[in-house]
Structure formats: C-alpha cells, structure tokens
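Here's the structure we're looking at; comments come further down.
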There are 2 protein chains.
Amino acid sequence: MQPLTSLPTRTDIEATHLAIQPLIHRTPVLTCTAINEMARAELFFKCENFQKVGAFKMRGASNAAVRLDESDRKKGLATHSSGNHAQAVALSAKLLGVPAYIVMPENAPAAKRAATEGYGARITSCENTLAARESTLQQVVAETGATFIHPYNDYDVIAGQATCAKELLEDVEGLDILIAPVGGGGLMSGTTLSARYFAPGVKAFGAEPEAVDDAYRSLKHGQLLSNTSIDTIADGLRTNLGEKTFDILQRELDDIFLVSEAEILEAMRLIWTRMKIIIEPSCAVPLAAILKQPDVFRGQRVGVILTGGNVDLDKLPF
Amino acid sequence: MQPLTSLPTRTDIEATHLAIQPLIHRTPVLTCTAINEMARAELFFKCENFQKVGAFKMRGASNAAVRLDESDRKKGLATHSSGNHAQAVALSAKLLGVPAYIVMPENAPAAKRAATEGYGARITSCENTLAARESTLQQVVAETGATFIHPYNDYDVIAGQATCAKELLEDVEGLDILIAPVGGGGLMSGTTLSARYFAPGVKAFGAEPEAVDDAYRSLKHGQLLSNTSIDTIADGLRTNLGEKTFDILQRELDDIFLVSEAEILEAMRLIWTRMKIIIEPSCAVPLAAILKQPDVFRGQRVGVILTGGNVDLDKLPF
C-alpha cells in the first residue's frame, strides 16, 4: 500500500477498510422508535460516537498513517488541530508505535490537550490563528521529518472516512438515503463515494448549519466560498471545504440542507433523551435536516452518520 | 400464568422472561477498554438505559401486568411514583390496551409528568408526602378497581427484574461477579435469584450510596432499618428495602459496598465521557464501588447493571 494520489476507487476503499480494521471499531447501528415516529421514516444511526477516540476521524487518520512507507512512518505523524483529528492522529501513531506531533492553539481546552497527551503525542502550542498554526506545523515537520496529515483535504483521509458509510451499507439492507454533516467535507466525500461504489441507487445528502454554510453556498455557486462566521454550536463543522472535497461533492452529492441553531439543539436533545447516547452538536445536524424536510425523507430508509461524542460536560448547551 | 405469591423459582423467572419478551428490549452489553484498564478488571455493562421507558423498571412492571387475569387487567394498573416505575406501569398498560392510573406528587418534574401522560396514563396529583400518596392511591384503586403494582416489594416485579441478570449471564460467558445498585431492592433481589439459579458460582454484590445506606445497615444489623436522609444525587436509590426484598437479600446477597457522592459523580462522568452513553446517577454507583474496592474486583469478569438513562438535561450535576 502507498498513499493515494488520486480519487479513491472502489478497490482503494475496500483495501483501506481491510488495512485499518485492526485500528478501528466496527461501530453499531442503532434505531429509535420514538424518533422514527416523529420523522415518519426509518432511521438507522451509525454510531461513530462509539468509535476509537470518540469520532469517525480515527478512520481517515489511521488510513493516512498505515499507507506511509515504513521509513516515513517511523519519523512520525503531525497535524494542527485542537479537536478530534488531533486525537485520531495521536492514537494512530501510538497504535503503530511511532511519534505524533500535534500543534495546538494555546487556548485549546485543557481536556482536549490532556486527551491528546494521554495518547503520547508531543504537543507544541502556538497562537490561535491559522497562520500561526501553519507556520508552527511547518517548523515541526522540518525539524522532525514527520508527515503532515490533513484533517480532510486528503485522499487517504477521504478513503478512510468512506469506510463508515461502507459499513452502514453492509449492515442495513435497502437504504434509500445516506446523510452526514458537512464540515471540511472529508466524511461527506467518503460517504458519497461509498454510496456510488457500493449502493449506486442510494442518495447521498449533506446537512450543514445555516451559520457556517460554506459548502451549501459553494455548491450552489459552483465555486469554493468560505464561511463568514464560525458562530455555531456545531463546532466540528466550522471549517471550510477543501479543493479535493469540493470537487468530489460537486460531482457526487445529491443535495445539501441547511438548519438553524435552534433546530440543531432540538435534534441533539432528542437524541440524548430518546436514544440515551452522547453525541456532539455536529452530529445532530442531519437529524435536524430530516425533521425539517419531511417531504424528502418521509417513508424512506435513511442511514444517518453520528460523527462523534466528544463533548465538554462542563459546557453543555442545555 | 397468575401473580406470584411466593419467592420466584427458576421456572417462574424463565416463564416470566418468555411472557414479557414482546414488551421489553433485549438490551445490549457494552465494554470499554479505558474503564477496564482503570479497574484492572473486565467489566460488562448491561445497558438498561436502552430499555423501553429508559430503565429496567419495564421488566418488573410488565410482568406484574401480564400475570393479572384478564378481568383484573381490564380494570387497569395503578401506582404512585414520580419516576421510572410510573412510566413503566403506564407503558405496560398502553401496550396491553388497559388503563393506567398514576398518583404523582404535585411537585413532580413537568418532564416526568409529560412522559407518563405521553403513554396515555391518567395522573392524579397529591401532596408530596408518603401518607398523601398512599391515601390517594387507595382512593384511585377503590374507584377504578385497578391493581396496585408496587415498585419493588412484589414477587412479580422481582421476577421481572431478575430477567435482566438472566440475559446478562446468557450473553457473557464466564462471569465471576454480578453487581447492581440497591434502592428498594427489587433489581438486586432479582439479580441474586438469577445468579443462584442460572450461574451458581457467580457472586452477587450490591452497591449503595453512603447517604442512603438503609440496605447496608439493615443487612449488617439483621433488621429492616430506614434511611435517615435522602440527600444523594442517586435519586433512584432513596427508597428503603421492603420486607420481601430484605428477606431475599439477607439470604442471597454476597456483600454490599458503600460509596460517597463524589465517587458516584466521578464514576458517572467516566461512563458519560468514555462510553458516550447517558446513564442516571444511580447507575454509576456499582462502578464507583468497583473502583473503590480493587482488591475485590481486580482480575475478575464483572457484569455491571446500568439501570437507566432518564436524566433531566436541564439539571445535570456537571
């Protein structure tokens, strides 16, 4: 195996799934009668909140790591992130016995920092600007020879995230629709590819907060646009699409729906209280879209990807 | 079938399990590597937070309901409760197509009241004293002919709760220990009976908050004693043992451990953050005991009953 340099094929995703199997959980699919009744649809929730590090990010990061040749891998993995991707890179490195170098803004929550350090990563602090993150990362990479793993704009990462929808399609027969939240677009891109390759009749929909609607606007206007604010509780979705993910979504995504902050919070509360599972606000965005668009989803069998469960219990939105 | 009038036998519990199967979920058993490492034991969590109505109470209430003869059942089911038992009686009645009459203190949380009404129960409010609850219930029973289902001091309820440990013993081989929280003792009694009948070598332990240690003191002194306060976050465990449950636990329980409020909160936080599932504070009491008693649990395969997941998101202890 080697790093992917072009759009992942069906064979690439199958090989990825085999390669990362020792590093990930095959997460369960849960259903909830009460939510089905509200949505008048059959929803199948793929629980990546139960994934290692508590989020789907483990799939993409571990694929990028296993595809490195041994001499590169030994020098280590690097990224800049204060979130789930940092933990995924750190754990992938730990499981493969190589170093991880994570650049984190100095105001990153102590809990996230501690979790990443808990996986044995070496953390370098920097100012909380994109420029500082990138220059600090470049310096770390230059000093260590570690390989930078981008959180989403990377074919290895996209192929890794694609294995989530692949499992869901294997575990639930007769799905009509797959739906996932859109942040940087890595998960959504992988989801559209798995739908195309493994279940060609299944539609792939995205869901995005109104407050950070860069993907919605980019797709409607046919050019890569940026968010003008980051003011959403769905903190995993504040990033903009990258060139690779935008290109895939332009060709493969069937539609994308926007939801308000109140709708996200209401959907999050529903999943917490009815399903008794802990999900991040970002995960609630697809259910919010389903409840908002009854004409699209009514009577359909819908695979919903719940992306992660890492929340700060001391700062809950309830 | 008919109501049980003496200690449930092995055959009674087996018949109960068959009879209530259409009315309950067979809940999953989850494991967590991180918590196993902390406990240096193999823990198998039986997730009754995913049970119908969000708690194991559905098992006992539904058994009491299905064992009534048809003429009695038609007159309805009654209880006084503001918690999970009320919802379990209400849903059992709904599923069996008979009325439910629930006496609730007027200060019961609006959410609990709404949930119980959502199952179609008729609610009668009363003052928040045990005397008012009991006299109001007597009146409701006299007027309607409904049958009172006690939340724990009832052999049908105990046999129903016993099916939880029965499933856990069927689903996990080679357990050394079962542990459950002790409130009124219905679940704990059923758990000891299932251990005795279905896995005679398996020890059954109880766990109780220090603040409401009536079961601990009753068992140590050999007489039924009451709680002197109800000052615990484990709000499902404030009740005292009944005569039937005390009698069973005196003969069958291998030991009982006490834990502090801080230990309960810490164990609850661990389950929320590491397992990404929502449990009530009462559910955290057994894990708190396991972490507090490493000499007892180290190296053992332990079945832990997570009793329920109904929490008020607006009043979390974090």
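Computed on the protein assembly as shown, the Cα convex hull volume stands at 153 Å³ per residue. With contributions of -39500 (n - 2.57) from each DSSP H run of at least four residues, the per-residue ellipticity at 222 nm computed over the protein assembly as shown stands at -13000 deg cm²/dmol. Largest mean-square fluctuation among B:Pro109, B:Pro286, B:Pro99, in a Gaussian network model of chain B whose springs join Cα atoms under 10 Å apart, belongs to B:Pro109. Remark: for residue pairs A:Lys244/B:Lys276; A:Lys52/A:Lys112; A:Lys112/B:Lys52; B:Lys52/B:Lys220; B:Lys276/B:Lys315; A:Lys46/A:Lys315, the C-alpha separation exceeds 23 Å in A:Lys244/B:Lys276; A:Lys112/B:Lys52; B:Lys52/B:Lys220; A:Lys46/A:Lys315. Beyond 19 Å, what share of the Cα-Cα pairs of region B:58-148 is found? Please give it as a whole percent. Here the tail beyond 19 Å accounts for 31 percent of pairs. Taking the DSSP beta bridges with both ends in chain B, the antiparallel portion is around 10 percent. The DSSP beta bridges internal to the protein assembly as shown are antiparallel in roughly 10% of cases.
Once divided by 2.2 N^0.38 Å, the Cα radius of gyration of chain B becomes 0.93. Taking amide H as placed 1.01 Å from N in the peptide plane, the amide H of B:His80 sits under 5 Å from that of B:Val103, each at least 5 places away or on another chain. FRET efficiency for the pair B:Leu18 and A:Glu170, taken as 1/(1 + (r/R0)^6) with r the Cβ-Cβ distance and R0 = 25 Å, rounds to 0.15. Using 17 Å as the cut-off for backbone N distance, which residues of region A:276-318 belong to the label zone defined by a point 7 Å from the Cα of A:Glu210 along Cα→Cβ? Hits in region A:276-318 for A:Glu210 at 17 Å: A:285-294. Highest GNM mean-square fluctuation among A:Arg40, A:Arg251, A:Arg217, for chain A modelled with Cα contacts below 10 Å: A:Arg251.
Cα centroids of region A:62-111 and region B:190-248: how far apart, whole angstrom? Centre-to-centre (Cα) distance: 47 Å. If you take the charge dipole of region B:58-148 about its Cα centre, with +1 on Lys and Arg Cβ and -1 on Asp and Glu Cβ, which of B:Ala115, B:Ala142, B:Cys126 is farthest toward its positive end? Looking along the dipole axis, the top candidate is B:Ala115.
The smallest convex shape that holds all Cα atoms of region B:185-272, its convex hull, gives 99 Å³ per residue.
Laboratory data are not the source of any read-out in this text; all were calculated from the coordinates shown. What you are looking at is a predicted structure, and each value in this text was computed from that prediction instead of being measured. Backbone-built Cβ (ideal geometry, glycine too); neighbour counts: all protein chains shown.
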